[in-house]
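Below is one structure, written out as structure tokens; comments come after it.
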């Protein structure tokens, strides 16, 4: 099983550019989420989804858009990149019910984004 | 919102037990307590979880207070490979919400 796959692994953007970080999972998980992790800091929740067609905001949603058209994919779009969005981005997925029902979360390997 | 409080950092000698505490005084009755760890330059990985009773697996043990307002992750014999940031996680908010907040975690340093 591939698990949670993120692409690209590394990306450099210029301020103002837009881009999409891709996330795909092959475990038929309904719950998916995006986190960002700044150097030396913990993970902060950006957006999450509990199923196809359903998304909601996390702790730090500004500057990011998400959509969930299929169970497998949950792309994260940066609308107009800013240096403050330089970070490592992690996608995660979990079976229905997420942590609240005891299910574990599976993380991708991360996408390193630098905005110059 | 359910929040967790963990010490910023801890140190342990290799081959000795490590007790990593977590306070979660606002936990709701059906929230599971999960522990994850993050090795350098990697995504977080699952360690253990529990609801009310103490739990053991091949990686660690989880001791949950009777009132569920705190828990302790126990690494029985720390190795250098256990050096990581350990996160205690609860479901954030009332039942039915899915905001899983990680917090800042505890950075464990293992001394050879």
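Quick notes on this one:
- Checking the stated criteria, residue B:41 turns out to be surrounded by fewer than 16 Cβ atoms within 10 Å (Cβ to Cβ), modelled with pLDDT under 95 and in contact with a strand residue (DSSP E or B) (Cβ under 9 Å, 6 or more places away or on another chain).
- Unique match (being in contact with a helix residue (DSSP H, G or I) (Cβ under 7 Å, 6 or more places away or on another chain), at the interface with another protein chain (Cβ under 10 Å from one of its Cβ atoms) and under 21 Å from residue B:103 (Cα atoms)) among A:35, A:31, A:48, A:106: A:31
- The strands (runs of 3 or more DSSP E) falling completely within the stretch A:1-88 that include 2 or more residues that are without any contact (Cβ under 8 Å) to a residue 60 or more places away in the chain map to A:19-25, A:31-37, A:43-51, A:54-57, A:64-66, A:76-78.
Here's the yes/no breakdown for (1) more than 18 Å from residue A:44 (Cβ to Cβ); (2) surrounded by 13 or more Cβ atoms within 10 Å (Cβ to Cβ); (3) within 14 Å of another protein chain (Cβ to nearest Cβ):
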| residue | (1), (2), (3) |
| --- | --- |
| B:58 | yes, no, no |
| B:84 | yes, yes, yes |
| B:90 | no, yes, yes |
| B:111 | yes, no, no |
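- Test: residue in the stretch B:3-24 that is over 15 Å from the mean Cα position of the chain (by Cα), at pLDDT below 90 and more than 30 Å from residue B:112 (Cβ to Cβ): no
- Any hit, the stretch B:17-30, residues being within 13 Å of chain A (Cβ to nearest Cβ), surrounded by 17 or more Cβ atoms within 10 Å (Cβ to Cβ) and without any contact (Cβ under 8 Å) to a residue 12 or more places away in the chain: no
- Unmet criterion (only one of (1) facing chain B (nearest Cβ under 9 Å); (2) on the phi > 0 side of the Ramachandran plot; (3) loosely packed, with under 15 Cβ neighbours inside 10 Å) for residue A:41: (2)
The values are calculated or read from the model by the stated rules, or taken from the named source; none is laboratory data. This one's a predicted model, so the numbers in the text were calculated from it and none came from an experiment. All Cβ positions, even for glycine, are placed from backbone atoms using ideal geometry, and neighbour counts span all protein chains on display.
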